[in-house]
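A short write-up of the structure that comes next.
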Amino acid sequence: ANYANEFDLTLTSETMVVASPTQANLTSVAQQMIDEDPDVVVTCVYDAGCVGWMNTMRAVNWSPKAQVFTVCVGQTSFVDAVGDDREYIMGVSPWDPSLPIQDTLTGWSASEFAEIFYRYSARSATYHAASAFASMAILLQSIRDTNSFDVQNIQASISTNTFRTLYGDISFED
């Protein structure tokens, strides 16, 4: 609500949906949206929730002018399920294979990682995979740099260095 006021937007409603919503749960939300007719709907859901919401909107024959999803937009399963209905859908992602970054440990760029990930998994790399890979790269760099498996040495390395990963430059405090 604060951001809406700050940017002169009108917040028409906020709805909390149960963790694993049924079609009936989502239909009641969609019916409310039809009555309010917002220009943009922002949803904070994961993959199954995104697809379920899209299916519900199809079932009630309604769609806003634009949708913002928090996670699923770049996921292959979502793209496949939504098809051409994704024209006015936006989303956020803290990582994309087009980023001009390179991992120190492997030397891979973000796009090389995405290609390798796809070759081994037959799935497009999302930020989930890139962040997991970066986490392991940080651990391995710290083990290599300290030449130790001692937890305190590794912790000291992680808390005092900046790590160049395919997720970006990452550093931590104590």
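The values are calculated or read from the model by the stated rules, or taken from the named source; none is laboratory data. The structure presented is a predicted model; accordingly, all values stated were derived computationally and were not measured. Heads up, the Cβs are rebuilt from the backbone with ideal geometry, glycines too, and the neighbour counts pull from every protein chain shown. In case anyone asks, the SASA skips ligands and DNA or RNA and just uses the protein heavy atoms, side chains included. Shrake-Rupley method; radii C 1.70, N 1.55, O 1.52, S 1.80 Å.
Descriptive notes on the structure:
- Residues of the range 58-73 classified as part of a loop (DSSP other than H, G, I, E, B) and among the basic types (Lys, Arg), total: 1
- Screening the range 70-88 for residues that are open to solvent by less than 40 Å² (accessible area, probe 1.4 Å) and more than 14 Å from the chain's Cα centre (by Cα) and picking the one that is farthest from PRO38 (Cα to Cα) gives GLY83.
- Residues in the range 18-57 that are open to solvent by less than 50 Å² (accessible area, probe 1.4 Å) and in a loop (DSSP other than H, G, I, E, B) were compared, and the one that is nearest to THR126 (Cα to Cα) is VAL45.
- Matching residues in the range 111-135 - criterion: being aliphatic (A, V, I, L, M), open to solvent by 30 Å² or more (accessible area, probe 1.4 Å) and within 19 Å of the chain's Cα centre (by Cα): ALA122, ALA132
- All told, ILE101 falls short of being open to solvent by less than 70 Å² (accessible area, probe 1.4 Å), more than 30 Å from ARG164 (Cβ to Cβ) and hydrophobic (A, V, I, L, M, F, W, C).
- Search result, residues across the range 1-14 that are among the β-branched types (Val, Ile, Thr) and surrounded by 11 or more Cβ atoms within 10 Å (Cβ to Cβ): THR12
- The residues of the range 155-174 that are open to solvent by 90 Å² or more (accessible area, probe 1.4 Å) and either assigned to a loop (DSSP other than H, G, I, E, B) or of a type outside the set (D, E, K, R) (or both), listed by number, are GLN155, THR160, THR162, PHE172, GLU173, ASP174.
- With respect to being open to solvent by less than 40 Å² (accessible area, probe 1.4 Å), modelled with pLDDT under 80 and polar (S, T, N, Q), GLN67 falls outside the description.
- Looking at the range 74-154, the helices (runs of 4 or more DSSP H) lying wholly inside it that each contain 3 or more residues that are among the polar types (S, T, N, Q) sit at 127-146.
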